[in-house]
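These notes are about the structure you will find just below.
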Amino acid sequence: HQALMVTGIGGLALLCGLLILSSITGTTRLSEMAGAPGLLGNPLTPAAVALILAGCCTKSAQWPFHFWLPNAMAAPTPVSAYLHSSTMVKAGVYLALRCHPILSGAPGWGCALAWLGAATALAGTVSALRERDMKRQLAYLTVGALGTLMLLIGLGSEKAVQTAVIYLVAHAFYKGSLFMLVGGVDHATGTRDASNLGGLRKVMPITAACALAAAVSMAGAPPSMGFIGKESLLGVLWQATPDRPYVWVAYLSGSIMAALALWVALRPFW
């Protein structure tokens, strides 16, 4: 119910924002809105930006709306793996990517995405450190990854947006796999508390091998797709560091994410 309420209200805000954009530009096609004359100077544009940002932030669990995603982990594991790690929560990120060519020059768009993304990345990964339930840990790490994606879009360069797309796909692969692995462990042992598990590779060797592959990708180690995404991410952040101090948050959250990848994926098996 909480997820429905938060994302539903955000969807209404998004609808209002898109209607304002449509009234300003005279079209409902996103491709035609980009570069429409008078859009950036219109007094209604800031309201459209705020409403669309509200839609993006609620759909992709950005701070301060990030609380609904871990609470949605009561769903069965396949639902968590499909919706909460790979598909539904990426809707806000995808929306921000589609709206970026239209609103990149609007006041507050890039800065708001970057700061909200940084705050979300930090809130998600730090919260994951406090959890012992592996499924909730993965949920908070998903929040951290979504924040990193928003931060990349907020940086605004062509390389940053390309990196966001690569990272989005890589995250869907490894995080969906990890949710399914945690569900398998829970089904076999009756617990998701990693501190009470160990040595499962002896009785679940195939699951252990899959967990190792997913952990390698989540930690950004070669030769995984996660390595490609995170190497590109580091390059973008390094270029942006001198004049954009909030990207240091992405360095910190990325380090926590790599450490917890080893905890969640390797601790139960090795």
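If you count Lys pairs in the chain whose Cα atoms are under 30 Å apart, skipping same-chain pairs closer than 8 places in sequence, the total is 16. Computed over all pairs of different Cα atoms, the Kirkwood value for the hydrodynamic radius of region 51-155 is 13.5 Å.
Across region 2-16, coupling constants 3J(HN,Hα) worked out from phi with the 6.51/-1.76/1.60 Karplus curve, θ = phi - 60°, read 4, 4, 5, 5, 5, 6, x, 5, x, x, 5, 4, 4, 4, 4 Hz, and Gly and Pro carry x. Compared with the dominant principal axis of the Cα atoms in the chain, helix 91-103 is inclined by about 30°.
Note on region 124-270: Cα Rg divided by 2.2 N^0.38 Å, N the number of residues, gives 1.06.
Full extension of the segment from Ala50 to Leu262, taken as 0.36 nm per residue of separation minus the current Cα-Cα distance, would add 72.5 nm. Using a probe radius of 1.4 angstrom, the carbon and sulfur fraction of the accessible surface of region 100-221 is 63%. Backbone phi angles across region 110-119, fed through the Karplus curve with coefficients 6.51, -1.76 and 1.60 (θ = phi - 60°), yield HN-Hα couplings of x, 5, 5, 4, 5, 5, 5, x, 5, 4 Hz in residue order; Gly and Pro are listed as x.
Relative to the dominant Cα principal axis of the chain, helix 134-155 is inclined by about 30°. Across region 124-190, Cα pairs under 8 Å and at least six residues apart give a relative contact order of 28 percent. Using helices alone, I'd like the mean residue ellipticity at 222 nm for the chain: each DSSP H run of four-plus residues gives -39500 (n - 2.57), total over residue count, nearest 500. Counting only the DSSP helices, I get -23000 deg cm²/dmol. 3J(HN,Hα) couplings calculated from phi for region 245-256 with the Karplus curve 6.51 cos²θ - 1.76 cosθ + 1.60 (θ = phi - 60°) are, in sequence order, x, 5, 6, 4, 4, 5, 4, 5, 5, x, 5, 4 Hz; Gly and Pro show x. Approximating the spin labels as points 7 Å out from Cα along Cα→Cβ, the Arg98-to-Phe227 distance works out to 3.5 nm. Stretching Leu212 away from Asp193 to a fully extended chain increases their span by 5.0 nm, per 0.36 nm per residue minus the current alpha-carbon distance. The share of C-alpha pairs in the chain whose separation exceeds 30 Å stands at 29 percent. Across the chain, Cα pairs under 8 Å and at least six residues apart give a relative contact order of 18 percent. A convex hull fitted to the Cα coordinates of region 141-186 yields 44 cubic angstrom per residue. Taking all protein chains together and a 1.4 Å probe, the residues Val6, Val216, Val143 rank Val216, Val6, Val143 from largest to smallest accessible area. Relative to the longest principal axis of the Cα atoms of the chain, the long axis of helix 45-59 makes an angle of roughly 10 degrees.
The values are calculated or read from the model by the stated rules, or taken from the named source; none is laboratory data. Keep in mind it's a predicted model, so treat the numbers as computed, not measured. All Cβ positions, even for glycine, are placed from backbone atoms using ideal geometry, and neighbour counts span all protein chains on display. Note: areas computed on protein heavy atoms with side chains; ligands, DNA, RNA excluded. Shrake-Rupley method; radii C 1.70, N 1.55, O 1.52, S 1.80 Å.
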